[in-house]
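Working notes, structure below.
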Amino acid sequence: MAGNRRVGVVLQDRDRRLLKELNVMRVADREQAQTAGGFGSVTRVNARLLALTRAGLLRRFFIGTSGTGQKALYTLSASGAQVVGASHRGLQRRKDESSLGGAFINHQLALNGIYCALKFGEIPLPEVLFRRWVSSDVPLGPSLLPDGYVELTFPGGALAAFVEVDMGTERSAIWEDKVRKYLQLAVSGEYEQRFGQGRFRVLVLANSLRRMHSIRKTVAKFTEKIFWFSTFDLVRGGGFFQSVWLRPTGEEPLPLIKEIP
């Protein structure tokens, strides 16, 4: 690749896969890059991240951690997006910039964890398959912009769900507005027209049990349907497909998908 500060690199299949996945995730840490790119070792992913950064296909910046160190994050450059024929959704950061992070980055990394678990993680129900994930900057209906959308398929059916990540920063009024808009989307016909599915769920992942129950209480004022709730810790500990989900009312944990006979 031309340029005084760039170093040529021979792209491998895993490199292209990583570039495409970074266009979905927008920003990723090393662990997420390793998972999404299918790299078998930390040494290998570190080498490729460095090579792709030096070639100008990725941009690297650093955020402070809870200790005294820094954590490297990677985002797709305009050149990297062009290589894989993707629209550029990377973050606008200076090369090797250091920062304290921020709400957007923390939110996006949490969302990426969900994405990686669903697309690349092991699904304990053998007949359930990951079909697609949709990330969009185009609102649904009246300014409703979900964090993500996932479809899983299984014999005789599918699970289609919007994903909402809550890091404890959104007021109750914002959630009330979201609930109204999701309920409107469910009856407007726009969802079926755009996604080709008849019904959807809204999966809400909160950063604590207290926060989860607070959102449940808000949602329950409007509906007992559509919404499913869990926390990042519960999903990490028991897995997405275990009985770690609650509905707006009731206290019995439920699996995301009932076991398929």
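The values are calculated or read from the model by the stated rules, or taken from the named source; none is laboratory data. Here the structure is a predicted model, which means the values were calculated and not measured. Cβ coordinates were reconstructed from backbone atoms using ideal geometry, including for glycine residues, and neighbour counts include every protein chain displayed.
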Candidate set from the stretch 235-244 (those that are in contact (Cβ under 8 Å) with a residue 24 or more places away in the chain and crowded, with 18+ Cβ neighbours inside 10 Å); member that is farthest from residue 178 (Cα to Cα):
241
Qualifying residue in the stretch 71-80 (condition: modelled with pLDDT of 90 or more, surrounded by fewer than 16 Cβ atoms within 10 Å (Cβ to Cβ) and over 18 Å from the mean Cα position of the chain (by Cα))
yes
Can you tell me which condition residue 257 does not meet? The list is (1) at pLDDT below 95; (2) among the β-branched types (Val, Ile, Thr); (3) assigned by TED's automatic domain parsing to the domain that holds residue 157, and all the others hold.
(3)
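Return the residues of the stretch 186-214 that are closer than 15 Å to residue 148 by Cα and hydrophobic (A, V, I, L, M, F, W, C); say none if nothing qualifies.
Step one: of the stretch 186-214, the residues closer than 15 Å to residue 148 by Cα are 191, 194-195, 200-206.
Selection gives 195, 200, 202, 203, 204, 205, 206.
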Looking only at the stretch 202-251, which residues are more than 18 Å from residue 173 (Cα to Cα) and of a type in the set (Val, Ile, Thr)?
226, 231, 235, 244, 249
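For the stretch 133-181, which residues satisfy the criterion of being charged (D, E, K, R), within 16 Å of residue 117 (Cβ to Cβ) and in a loop (DSSP other than H, G, I, E, B)?
147
Looking at 214, 208, which is the one that is more than 20 Å from the chain's Cα centre (by Cα) and surrounded by 14 or more Cβ atoms within 10 Å (Cβ to Cβ)? Walk me through how you get there before you give the answer.
Values: 208 fails: more than 20 Å from the chain's Cα centre (by Cα).
Exactly one of 214, 208 is more than 20 Å from the chain's Cα centre (by Cα) and surrounded by 14 or more Cβ atoms within 10 Å (Cβ to Cβ), namely 214.
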The stretch 115-153, subset farther than 22 Å from residue 34 by Cβ and crowded, with 16+ Cβ neighbours inside 10 Å, residue nearest to the chain's Cα centre (by Cα)
147
